[in-house]
Structures are given as structure tokens and as C-alpha cells.
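Please read the structure below before turning to the comments.
The values are calculated or read from the model by the stated rules, or taken from the named source; none is laboratory data. Keep in mind that this is a model prediction, so the values were computed, not measured. Using ideal geometry, Cβ is built from the backbone for each residue, glycine included, and neighbour counts are taken over all protein chains shown. For accessibility, only protein heavy atoms count, side chains too; no ligands or nucleic acids. Shrake-Rupley method; radii C 1.70, N 1.55, O 1.52, S 1.80 Å.
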Amino acid sequence: MKKAFCVLLVILLILSSAACGNKEEPGESSMDSMNSAQSGNPAESTESGGDSDTGGDLELDDDGDLTIEDILQSAWGTDPDGETETAPEEPPLDPSPYPDFPTPEHSVLNFAGMDWLVLETGDGKALIMSVDIIDFLPYRLGNFSDVTWRDSMVRTWLNGTFYDETFSADEKAWILDSQITNDNNPWFGTYGGAETTDKLFLLSIEETVRYFGDSGFLATRTDEDVWSVDDKYNEARIAVYIETDYKFMWWLRSPGNNGMYAAYVDNDGTISVSGLFIGESGGGIRPAMWIMI
């Protein structure tokens, strides 16, 4: 019995010795890894490290790091499904301050905090006129002799006080100097005066007919006792004082039936070709001007 126990003990010692022989000596694995790194031989990289240079497929780790799909989407616009997201195209630069400039058919443009009717466009410019009556002034005060547009109080005010106080420096840069022809009264032949150069002006009788509708009334007139244009376009010519519903007459720059009268559009939209006394203080003002677009 004692002999059998000894034999068993010997066998166990042999097996234990064999098992210990298969273990790595302490520090051996670390030394081998250091030698591989110093040699720079990629073939000696361990399998558990994956593709160390290419990165492999990154996974979201316990610390919440981004996956490779998230990184690609952020850097290159590629979503996890492999579809490329393209950035929206930048719109082309428009040198005009009004990229959506309205068409001429009485569309409304807001400029300098006011609403303006667009009467005509072409050659990079537009003719606009205030939608509403903005103020009331006499055509001329003081000297009540024959007065033309050139010497009118309205012209001085529009191109002086109104221009300076209404428009900023940037807005003034878009307002053009306009050569204004001042025709004689088409009904009575009253002298209209010399040409002027203005930034702001009033419409003439002919321009009012042209832009608000021409029924042919001026061309076919047969009776000088009928001193106004009264037609189907009256409604289009009616104007109200700004921010109210009150209709008023508004001046035109054309002379009336003599040099002390100026033509106007009445509050019912008819055009008074014979005109109103130039000292009348209740004349409405609707400025017009050419601007760049």
C-alpha cells in the first residue's frame, strides 16, 4: 500500500513539472512585443491588435466614442448607409439689392421704408412712384407769376429736404439723376418750361395717362370746355394719404390752362388738365424717381 502511494505521488510530480514547463517566463511576452516594435516588422504584429494602421471597423465603446461611420459622416458627409450627402449649392451673388424685383404691372416695391409702385423697368433701371400721398404742399408760394416745374416749390422740396431726410447714404446710391422733359400742356398749350435734372419729380399728364391707362381721351378731345380726363382708368389713379383711407388730389408737374395753374389728379381719379391754382396748400405729393436695379 505504501509502495502504491509513492508511485502515485511520483506520477503527479511528473505531470506538474510538465505543466510548469509550458508556461512563459515572467516578462517574456512584454520583451518580445518590445523587440517587434523596435524592429518595425509589421509581420510580427499580434493578431489581437487588428490592422493598427488602417484602424479596422471601429465600434462604439463603453466610453461612448464615435464609430467609424459617425466619423465619416462628420468628415465627408457619408451616412451609415453609404449614401453621400452633398451640401446645398450657394445661390449666385446678385448685385441688385432687390433680388426679387417685381414686374412693372403696378407691383409694389418697399424702398426706404415706403411702398412704391413699379411703373417701368428696362436697361438696368426702374421708374417707381409712391403708392400713397406722402405730404401736402403748395405747388408754389410767394411769387404767383407764371411758374413752371423748374421753379416750383415742390421740386425744391423733393430734391432737397425730402431727399436728404428720407434716404440713407446706401439708398441714395441707387437713385439716378434723371433728365426731365417738361412738355407744354397737351390741351391748352401752356408752356411747360425747360428740361431739368432731378432725382425726384412728379409725373406729367402724359406719363400719368401712359402708366395708369390710356383710353385715348387726350388724343381724341374735341371740346376745350371738357377740361379733365374722365375715363375707365379713374379708379387706378385714386390715391390716399399714407396710412389712412382718405382720398385726396395729387399734383402733376405739368402746367394747367395758364402759368398760374398746375395739373393734378382729383380724389375721384380724374385728371384735371386745366389745373389748380399753384398757391393751393392742399396739394398731395406722390414722388417718382428712377433707380438702379
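Assorted remarks:
- Summing +1 for each Lys or Arg and -1 for each Asp or Glu among the other residues whose beta-carbon sits under 10 angstrom from that of Met260 gives 0.
- Solvent exposure, largest accessible area first (probe 1.4 Å, DNA, RNA and ligands not counted), of Met249, Met289: Met249, Met289
- Accessible area per residue was computed with a 1.4 Å probe on protein heavy atoms; Thr181 scores about 70 Å².
- For segment 156-293, the solvent-accessible area works out to 46 Å² per residue, with a probe of 1.4 Å and every protein chain left in place.
- Cα gyration tensor shape for segment 242-293, rounded if a/c is under 1.5, else prolate or oblate: oblate
- Just the protein heavy atoms count here, and of the accessible area of segment 173-248 at 1.4 Å, carbon and sulfur take up 48 percent.
- Antiparallel bridges, percent of DSSP beta bridges restricted to segment 233-293 (to nearest 5): 90
- Within-13-Å neighbourhood charge of Glu207 [Cβ basis; K, R +1; D, E -1]: 0
- Segment 170-241: trypsin sites (Lys or Arg not before Pro) in DSSP coil with no more than 15 other Cβ atoms inside 10 Å: Arg221, Lys232
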